[in-house]
Amino acid sequence: MNYQFQSVKDRSVKKGKNGVKRIVFGRVGILATCLIVQLLLLFAGMNYLARYIYWFFGGYLAFGLLILFFIVNRTMNPGIQLSWAAIVLMFPVFGGLLYLYVEIQPGTHMLKRALDNIDGRLEGFLWQDEDVLERLDARNANAAQLAAYVYSEENYPVYKNTGVRYFSGGEEKFAELLRQLRLAEKFIFMEYFIVSPGFMWDSIFEILKTKAAEGVEVRFMYDGMNELYNVPGNFQDMLRRSGISCKVFSPVYPVISTHYNNRDHRKIVVIDGRTAFTGGVNIADEYINRKERFGHWKDAAVMVQGDAVRSFTIMFLKMWNVAGKLENVEPYLDFPDGAARGQRKIPLPDHARDEETFRAVSGRSGKETGDKGRRLSDSERQKKEAGDGETFRAGPGQTGTSEAGETGTSERDPETGIRDSGARAEETGAGKKEETALVENRGFVLPYATNPFHSEHIAKRIYLDILNHAKRYVYIMTPYLVPDYELLQALTYAARRKVDVKLLMPHIPDKKYAFALGHSYYRYLIQAGVHIYEYTPGFVHSKIFVSDDIEAVVGAINLDYRSLYLNFESAVFLYDVPAVFDIKSDFLQTLKRCQLITDFDIRHDKITRKLVGGVLKLFAPLL
């Protein structure tokens, strides 16, 4: 027995030593060593100069005040200004040099220039259909103004002729993703913030390999932070050997740089230009609850099919081409055969604006333009809207509604357990699902992506717009709560004017410091009338806004500075589509498993959590 015990002990010690070796001599260890050396050299130089402080104290002070002057006079978020001002006042030289280093960092400016160049060259591939915007304006002028703002700032239009399906968990999204990947015939684009080996990745990878072997073009892109913690060193080679093109966004090198702070936080899939996914679900087993990390993992995602997929295709191609020569993107912006092809619009040159050319190029039928190709008048279009609605060919499991507001029936797929709403599909001999029903959809869909280098932060503006125009309720799910002053005031103002504002947060955090920081806002919000709930079974990773049974946002955008100001993000704004009711229903069902946080709970919160939250609040905009 003693020999057996000693053998087990020896194996445990050996395993521990091997683990330490992997950390010390692996990528993380080497990178950490290089960064520590650079920091030591930096501090050594500063320490050497510090011996002359008696002679140069006045210069130090003047330098700090000069930097402070620049910070105060820059146009930026006041919270960010305050954080930088505090650092400069506490550490005049170090804080000032750090600020200058951040501002002049060449890596950040190179990335910004590359993105601006791509934006300019791809601008003509996304355009706003004026008829769609007019119809939205007739329905709701505020929503139309929001759509016009997003288009003017980031060039993402609002669409009709698009179906939307909401997933209330990672398991549902994963099952439908596998099904849609198997249907791919032309190309598959995937862009993820996190990819980690396990059941979820293995299942996706097998399909991607099969599709690549069949001749489908497969591209996979992931954020560079994965190379430190998640994927093996040969991950890119493994993908390329399988026929899959692979790129890493902003790889991390052993050099101090601030552009590492701008991460690709998007979760996007585009299949054949006909189907797209976005939301909060990454590729790791905890997102589908195959592995438990922080209790039960609650997430959300959406699938869109139809015209709006075009914006997701452009989102992906922008990021894919940020490093290297811009490719010809036109082959990826056509729709497959079906209703969507006949209803898409092509931007025409000025000399080709006559109606016959317009109809020939855009494929518009007489039903859309009138009996002889003329454009419908406003009154005729309104009559058509009231009578016919917008028609698109829905894919498997898509939801839709008639103009009278009737939605399709819902069933659960016997194989995947996922609810199928609206159009039904049948299997052909080749295993491909053919669409067999037309679904009416009266709503509007606006996919959008954010660029942290732009002066307008549209993700925050959309959240503010929903809060400021809500009349009855705003329901929010977010894993992190670090709002800036404008969002904080919008939340409290909505509650004070008797809008039912409910905020659903995790009860088991993934990051304790972020949890403490979020708790530091609880008392102010609760006292203003905001109802805050925590999901007692585990961790909420959903990022949703839903309001007044009419509009909603689902995407990757958290309610914190990092998502709103620093990361590259994606989401979709929904107006008057059936999926809005699914989002509301999911929120109310999740609410049944939550506990209401009261002022009593805040008073009796942990002292350490209060202290940590209070201290971090000063630097929250820079975290």
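The values are calculated or read from the model by the stated rules, or taken from the named source; none is laboratory data. Because the structure is predicted, anything quoted here is derived from the model rather than measured. Note: ideal-geometry Cβ built from the backbone for every residue, glycine included; neighbour counts use all protein chains shown. The protein model used for the area step is the full one, side chains on, heavy atoms only, and it has no ligands, DNA or RNA in it. Shrake-Rupley method; radii C 1.70, N 1.55, O 1.52, S 1.80 Å.
Below, the figures for the structure above:
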| quantity | calculated |
| --- | --- |
| Counted residues, the stretch 513-537 - those being open to solvent by 40 Å² or more (accessible area, probe 1.4 Å) and either assigned to a strand (DSSP E or B) or of a type in the set (F, W, Y) (or both) | 3 |
| Among the candidates L616, L588, L564, L611, residue that is in a helix (DSSP H, G or I) and buried (at least 24 other Cβ atoms within 10 Å of the Cβ) | L564 |
| Residue, farthest from Y561 (Cα to Cα), within the stretch 70-86, restricted to residues that are surrounded by 19 or more Cβ atoms within 10 Å (Cβ to Cβ) and touching a residue at least 40 places away in the same chain (Cβ under 8 Å) | W84 |
| Tally, over the stretch 307-317, of residues that are open to solvent by 10 Å² or more (accessible area, probe 1.4 Å) and either small (G, A, S) or touching a strand residue (DSSP E or B) at 6+ places or on another chain (Cβ under 7 Å) (or both) | 1 |
| Selection within the stretch 87-111 - open to solvent by 70 Å² or more (accessible area, probe 1.4 Å) and not β-branched (V, I, T) | L89, M90, F91, L97, Y101, P106, H109, M110 |
| Search result, residues across the stretch 308-322 that are in a loop (DSSP other than H, G, I, E, B) and farther than 17 Å from G224 by Cβ | A308 |
| Tally of residues being closer than 22 Å to S563 by Cβ and in contact with a Lys or Arg (Cβ under 7 Å, 6 or more places away or on another chain) across the stretch 580-622 | 1 |
| Residue check for V580: outside any helix (DSSP H, G or I), open to solvent by less than 60 Å² (accessible area, probe 1.4 Å), closer than 27 Å to V150 by Cα and at pLDDT 95 or above | no |
| Members of the stretch 499-512 found to be part of a strand (DSSP E or B) and out of contact with any Leu (no Cβ under 9 Å at 6 or more places or on another chain), listed by number | D500, P506 |
| Hits in the stretch 451-496 (condition: surrounded by fewer than 22 Cβ atoms within 10 Å (Cβ to Cβ) and of a type in the set (K, R)) | R461, K471, R472, R496 |
| Condition check for D510: open to solvent by 20 Å² or more (accessible area, probe 1.4 Å) and under 20 Å from the mean Cα position of the chain (by Cα) | yes |
| Odd one out for A147 among (1) part of a helix (DSSP H, G or I); (2) over 24 Å from I583 (Cα atoms); (3) modelled with pLDDT of 95 or more | (2) |
| Elements of type helices (runs of 4 or more DSSP H) in the stretch 157-269, at least 2 residues being open to solvent by 20 Å² or more (accessible area, probe 1.4 Å) and in contact (Cβ under 8 Å) with a residue 12 or more places away in the chain | 170-182, 199-213, 226-229 |
| In the stretch 77-123, the residues that are within 30 Å of Y151 (Cβ to Cβ) and in a loop (DSSP other than H, G, I, E, B) | N77 |
| Any hit, the stretch 124-133, residues being open to solvent by less than 20 Å² (accessible area, probe 1.4 Å) and not in a helix (DSSP H, G or I) | yes |
